[in-house]
Amino acid sequence: MQRAAFLAGLRDNLPFMPGTIAFGLLAGAVSVQSGLTQFQAMFLSTILFAGNSQIVALQLFSGGAPWIIAVLACGVVNLRHVMYGMSLGPHVREAPTRWKLLMAFLMVDNVYGLSHAHFAGDGRGLDWGTKRAYYFGTALLGYAIWVAACIAGAVLGTGIPPSWQLDAIPSLGMIAIIVPNVKDCPALLAALVSVVLATLLNDLPLRVGVLIAGGVAMLVGLALEQVALDRAERGTRP
Amino acid sequence: MIVWVMIALMIAVTFAERYVMLELANRVTLPMWLLRSLRFVPAALLTAIAVPNLIIRGGSVDLSPLNARLLAGIVAAFVAWRTRNVIYTIGAGMLTIWVVTLLQASQS
């Protein structure tokens, strides 16, 4: 049963592997190009296991932003994992802490997406052991391939010609995360405010424009949502 | 040295974000304002990080149709909307960049 679940997880994750290889190569290479040593690049890629945030943070850092802005940007790009944890947590209530720590270490977009779909769908009501097998089935192969790709990327490093423009990949990958989350007017307005402000404020020192634009856009979205909620509440009152 | 501090903090922050609600989801309920704010993280904050990298070329805003990355971003947004697939989105975007760049190179 657990063996079958592990293999099912492994199989479900296979279609994501070409992307994992490309992203790993890029994460390793960008890290070296940003001035990290090969060892630092390999260490960061393999322990952080979050390519998008790594590339974004290091591009900021090598573009002149102080390290604290790079760390903040990394935290912001990875904030979605808080929501992943929130939605996965109830499905693994019985799991001991040491397993939750391991799950957290390997929690990436596709592992979360596949596992949540499985636990809430076909795998509803499975025992913890079987869920664990599925989760780590999706996670372990991906991690092994990620580590290999990052090491290869760090070795290739500056050998990848800039004319390939691979540094556009993180932005395109983030678009794939942003678009499904723009489901209503407040979110759309927040995204538009963010585009305009981030572009206008791009020349501010230390790349703080990113944080200001994102923060203001968030407040605008929240405010618009509040207005809609207030209106709905008034509408339902007799 | 400062690079190691940055590396350690990036790892610590990211791990905390991945772990905290996995452990606490069954014990605490987050306040409403925090839940509502989290919903806007992709639209507001990720947009602020991703979009300047596509609009700004060589230090200035480039909204012309010759900006391969801007076109790629528009194509990627469309593909993301239709397919909700990260790989297709990145693939379509990169293909756009390469094709537009090649066309421009062949014309000049």
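The values are calculated or read from the model by the stated rules, or taken from the named source; none is laboratory data. Note that the structure is a prediction, hence the values are computed from the model and not measured. Every residue, glycine among them, receives a Cβ derived from its backbone with ideal geometry; neighbour counts consider all protein chains shown. Accessible surface areas use protein heavy atoms only, side chains included; no ligands, DNA or RNA. Shrake-Rupley method; radii C 1.70, N 1.55, O 1.52, S 1.80 Å.
Overview of values
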read-out	value
Selected residue (only one of A:Leu114, A:Leu141 is in the same structural domain as A:Gln40 (by TED's automatic domain parsing) and in contact with an Asp or Glu (Cβ under 7 Å, 6 or more places away or on another chain))	A:Leu114
Check on A:Ala232, open to solvent by less than 20 Å² (accessible area, probe 1.4 Å) and among the aliphatic types (A, V, I, L, M)	no
Given (1) within 21 Å of the chain's Cα centre (by Cα); (2) within 8 Å of chain B (Cβ to nearest Cβ), number of the condition A:Val193 does not satisfy	(1)
Subset of region A:62-82 [at the interface with chain B (Cβ under 7 Å from one of its Cβ atoms) and in contact with a helix residue (DSSP H, G or I) (Cβ under 6 Å, 6 or more places away or on another chain)]	A:Trp67, A:Ala70, A:Val71, A:Ala73, A:Cys74, A:Gly75, A:Val76, A:Val77, A:Asn78, A:Leu79, A:His81, A:Val82
Qualifying residue in region B:31-39 (condition: buried (at least 20 other Cβ atoms within 10 Å of the Cβ), under 17 Å from A:Ile177 (Cα atoms) and at the interface with chain A (Cβ under 7 Å from one of its Cβ atoms))	no
Filter pass, B:Ala76 being within 9 Å of chain A (Cβ to nearest Cβ) and in contact (Cβ under 8 Å) with a residue 12 or more places away in the chain	yes
Conditions (1) open to solvent by 40 Å² or more (accessible area, probe 1.4 Å); (2) modelled with pLDDT of 95 or more: number failed by A:Asn181	(2)
Odd one out for A:Asn110, checked against (1) crowded, with 20+ Cβ neighbours inside 10 Å; (2) among the polar types (S, T, N, Q); (3) in contact with a Phe, Trp or Tyr (Cβ under 6 Å, 6 or more places away or on another chain)	(1)
Residue among A:Val210, A:Val220 that alone is modelled with pLDDT of 90 or more, under 19 Å from B:Ala50 (Cβ atoms) and at the interface with another protein chain (Cβ under 9 Å from one of its Cβ atoms)	A:Val220
Selected residue (criterion: farthest from the chain's Cα centre (by Cα)) from residues of region A:196-207 that are at the interface with another protein chain (Cβ under 8 Å from one of its Cβ atoms) and surrounded by 21 or more Cβ atoms within 10 Å (Cβ to Cβ)	A:Leu197
Total residues in region A:20-57, condition without any contact (Cβ under 8 Å) to a residue 60 or more places away in the chain and facing another protein chain (nearest Cβ under 9 Å)	12
Residues being at the interface with chain B (Cβ under 7 Å from one of its Cβ atoms) and without any contact (Cβ under 8 Å) to a residue 40 or more places away in the chain - total across region A:176-190	8
Which numbered condition B:Val100 fails, given (1) crowded, with 19+ Cβ neighbours inside 10 Å; (2) assigned to a loop (DSSP other than H, G, I, E, B)	(2)
Test: residue in region A:115-125 that is within 11 Å of another protein chain (Cβ to nearest Cβ), surrounded by 18 or more Cβ atoms within 10 Å (Cβ to Cβ) and either in contact (Cβ under 8 Å) with a residue 24 or more places away in the chain or part of a helix (DSSP H, G or I) (or both)	no
Wholly within region B:13-81, helices (runs of 4 or more DSSP H) carrying at least 1 residues that are of a type outside the set (S, T, N, Q) and at pLDDT below 85	B:32-39, B:47-50
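Conditions (1) part of a helix (DSSP H, G or I); (2) more than 13 Å from chain B (Cβ to nearest Cβ); (3) open to solvent by 30 Å² or more (accessible area, probe 1.4 Å); (4) small (Gly, Ala, Ser), marked per residue:
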residue	(1), (2), (3), (4)
A:Leu140	yes, yes, yes, no
A:Ala144	yes, yes, yes, yes
A:Cys150	yes, yes, no, no
A:Ala168	yes, no, no, yes
A:Met174	yes, no, no, no
